[in-house]
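Derivation of every value follows stated rules applied to the coordinates shown; laboratory data play no part. Everything numeric in this text was worked out from a predicted model, so none of it was measured. All Cβ positions, even for glycine, are placed from backbone atoms using ideal geometry, and neighbour counts span all protein chains on display.
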Amino acid sequence: MKIDKLFDVKGKVALVTGGSRGIGEMIAAAFLSNGVKVYISARKADPCDQKAIELSEKFGSECISIPADVGSMEGILKLTEEIKAREDKLDFLINNAGAAWGEKIDDFSETGWDKVMDLNVKGMFFTTQKLLPLLRKAGTLELPSKVINIGSIDGINTPAFENYVYSASKAAVHQLTRHLASKLVRENILVNAIAPGPFPSRMLGSAVAHDFSPLEERSPVKRIGTMEDIGGLAIYLCSRAGNFTIGETITCDGGLTACSGHNLSV
Ligand SMILES: NC(=O)c1ccc[n+]([C@@H]2O[C@H](COP(=O)([O-])OP(=O)(O)OC[C@H]3O[C@@H](n4cnc5c(N)ncnc54)[C@H](OP(=O)(O)O)[C@@H]3O)[C@@H](O)[C@H]2O)c1
């Protein structure tokens, strides 16, 4: 029951999609600070490569960049084949890469709809599917492998913004998580989702003109999320401490969903 055993993740191997910035970078950093070897992926090669170098130097653990677009089957195959060539098992898969699209209801475009669904839902499913052989090799009954899907409180609450496909995609992520968990638990792969509230990132920043203060004001705890908040939850789920938590969607939102009433999501 000692903390260093209960929450130990040292020596494990993880992939964090969308790990070059924002929430993905926060989760990658939390793993790296605790001795996990972390692969990060994103579409833009230079920022992803630079981030891997920066994080490796900062945390003294190996961070490797594999740029790929997980919104396309071609990109998913490129990424997953590269991981398979380098590793014979994968302990943690963090399906974090995601996109949003906001448009007035009368103008909402098919392009935006498809882009978000292809990445947030289809990409998540097929990335997981292609990595199942490595996740199966890593998982035992005592030490299961872990998949964390990043959803959103917009998939639970009614969003304030006109981001129809985003909220629908994130509700799909939460249900897909439960469905995958029910199948994969028998194979020692535990699947859960995290539904973040507001965290500082390019995605949220562009929705609020990079002024997070109104969101902080509305929050029951008067702030937005930090690396400790999301990283701590990811470590809990991936460590021994999380082995009896399966198929859940856990909010990480400073109480916005539970304590604020409706229509306060991001
Ligand atoms: N920030 C929040 O407040 C918040 C709240 C709830 C949920 N979330 C969820 O958290 C996740 C991360 O969001 P974020 O806010 O950290 O966003 P972000 O700052 O925009 O970062 C997104 C990351 O995903 C990568 N990415 C985007 N499209 C990709 C694609 N097609 N293939 C591969 N990588 C791709 C980006 O790099 P490239 O651009 O180089 O590809 C970047 O590394 C998303 O699933 C989002 O829905 C965020």
Roughly speaking, what is the stretch gain from Lys10 to Gln50, that is 0.36 nm per residue apart minus the C-alpha to C-alpha distance, in nm to one decimal?
12.0 nm
Can you tell me the dipole magnitude for the range 63-172 around its Cα centre, using point charges on the Cβ only (Lys, Arg +1; Asp, Glu -1), in Debye to the nearest 20?
560
Most fluctuating residue given options Val121, Val221, Val38, as computed from a GNM of the chain linking Cα atoms under 10 Å
Val221
Estimated [θ] at 222 nm from DSSP helical runs (n ≥ 4, -39500 (n - 2.57)) normalised by residues in the chain, nearest 500
-13000 deg cm²/dmol
Taking amide H atoms as placed 1.01 Å from N in the peptide plane, list the residues 5 or more away in sequence, or in a different chain, whose amide H sits under 5 Å from that of Ala193.
Asn149, Glu248, Thr249, Ile250
Would you look at the GNM of the chain, springs on alpha carbons closer than 10 Å, and say which of Pro144, Pro67, Pro220 moves the most?
Pro220
With springs only between Cα atoms under 10 Å, which of Lys222, Lys146, Lys170 fluctuates most in a Gaussian network model of the chain?
Lys222
The chain: percent of C-alpha pairs farther apart than 30 Å?
23
For the range 221-264, just the Cα set please: Rg and Dmax, both in angstrom.
12.3, 35
Neighbours of Asp4 by Cβ distance under 13 Å: Lys/Arg at +1, Asp/Glu at -1, summed charge +3
Report, by chain and number, residues whose modeled amide H sits under 5 Å from the one on Ser65, excluding near sequence neighbours (fewer than 5 apart, same chain).
Ile40
Between helix 45-59 and the chain: long-axis angle, C-alpha atoms, 0 to 90°, nearest 10:
60
Debye log10 I(q)/I(0) for the range 1-93, one point scatterer per Cα, at q = 0.11, 0.20, 0.21, 0.23 Å⁻¹:
-0.29, -0.90, -0.98, -1.14
So for R0 = 22 Å, FRET eff. of Val208-Lys115 from the Cβ-Cβ r, to 0.05, ends up at 0.55
What is the magnitude of the charge dipole of the chain about its Cα centre, with +1 placed on the Cβ of each Lys and Arg, -1 on the Cβ of each Asp and Glu, and no other charges, expressed in debye to the nearest 20?
900
Rounded to the nearest 10, the angle in degrees between the Cα long axis of helix 22-32 and the longest principal axis of the Cα atoms of the chain comes to 20
Report the label-to-label distance for Ser72 and Glu142 in nanometres (one decimal), using points 7 Å from each Cα along the Cα→Cβ vector.
4.5
